[in-house]
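Since every read-out is calculated from the coordinates, none of them should be taken as a lab result. Since we're looking at a predicted model, the values are computed, not measured. Here Cβ is always computed from backbone atoms with ideal geometry, including for glycine, and neighbour counts include all displayed protein chains.
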Amino acid sequence: MNLKEILGFIIGTVVALLLVFKVKPKQGNNVLPHPKEPVDYTRNMDNTSIHGIIVKWFIDWNVTDTNYWIDEVDIKLDVSMQYPAWSSAESRVIGIRPEHCTPGVIAHEAAHVSYGLLNIEEKMQFSSLYFSLKNSGIVAEVLKQHPYAKSNDVEAHADIYRYASMSMPDVLKRFYPKLIKEDL
Ligand SMILES: [Zn+2]
């Protein structure tokens, strides 16, 4: 290589690096850390252990108050319902069909239980913040990739946690008691 070629190579590399750094942070903001997991039709009540899946949820979603979910909430496999999963915030029960039992589905239902711990004012605050955030950034990406989240504010609350978890906007984190550290 002569000097001109070396210089050309260096300039080319610098431009490429600049492009990478210019583009990357913007993309990085909107990448959902937890893509939807596939349904596993080979699973049933006998061959599925929910405990390992709960632990994977604790770790991958960085769950703050794991004792709460172990001691206060009954998270169980359940085939009595047609739905993939259901939850009751009042009685703190989450039921999930074995073939749908993944950390992400647990995360969604757990968010419903967490939402049930908010008072009416907090729920209203969440709704107005969500309204202001839904057309941009990672919240818009959740809605785009998972249109079910648009059903209502409660489903949006659950799917923002399921798919974005810690990458959600900081202002929303306090609306996830027992899931995300509350002093953030
Ligand atoms: Zn739901």
Pair residue 50, residue 82: separation of 7 Å Cα→Cβ label points (nm)
2.2
Long-range lysine pairs (8 or more apart or interchain), region 53-184, Cα under 20 Å:
14
Sequence-distant or interchain residues sharing an amide H contact under 5 Å with residue 75, placed H: which?
94
Could you state the number of Å between the C-alpha centres of region 116-141 and region 32-74?
25
Once the piece of chain linking residue 171 and residue 155 is laid out straight, how much longer is it, given 0.36 nm per residue of separation minus the C-alpha distance between them?
4.0 nm
Residue-wise HN-Hα coupling along region 55-67, computed from phi with Karplus coefficients 6.51, -1.76, 1.60 (Hz; x: Gly, Pro)
4, 5, 4, 3, 6, 5, 9, 6, 5, 6, 10, 4, 4
Put in order of increasing Cβ neighbours within 10 Å, starting from the fewest, 109, 122 give 122, 109
Go through region 168-180 residue by residue and turn each phi into a ³J(HN,Hα) via Karplus (6.51, -1.76, 1.60, θ = phi - 60°); whole Hz please, and just put x for glycine and proline.
5, x, 3, 5, 8, 5, 6, 8, 10, x, 6, 10, 10
Give me a comma-separated list of calculated 3J(HN,Hα) values for region 104-114, in order, Karplus coefficients 6.51, -1.76, 1.60 applied at θ = phi - 60°, integers in Hz, x for any Gly or Pro.
x, 5, 4, 4, 4, 5, 4, 5, 5, 5, 4
Sites residue 119 and residue 66 - FRET efficiency at Förster radius 25 Å, r taken between beta-carbons, to 0.05
0.60
Binned Cα-Cα distances of region 50-175, short to long, each 10 Å bin given as a whole percent
13, 46, 34, 7
The answer for the net charge of residues other than residue 43 whose Cβ lies under 14 angstrom from its Cβ, with Lys and Arg +1 and Asp and Glu -1, is -4
May I ask for log10 I(q)/I(0) of region 65-125 at q = 0.12 Å⁻¹, from a Debye sum over the Cα atoms as equal point scatterers with solvent left out?
-0.30
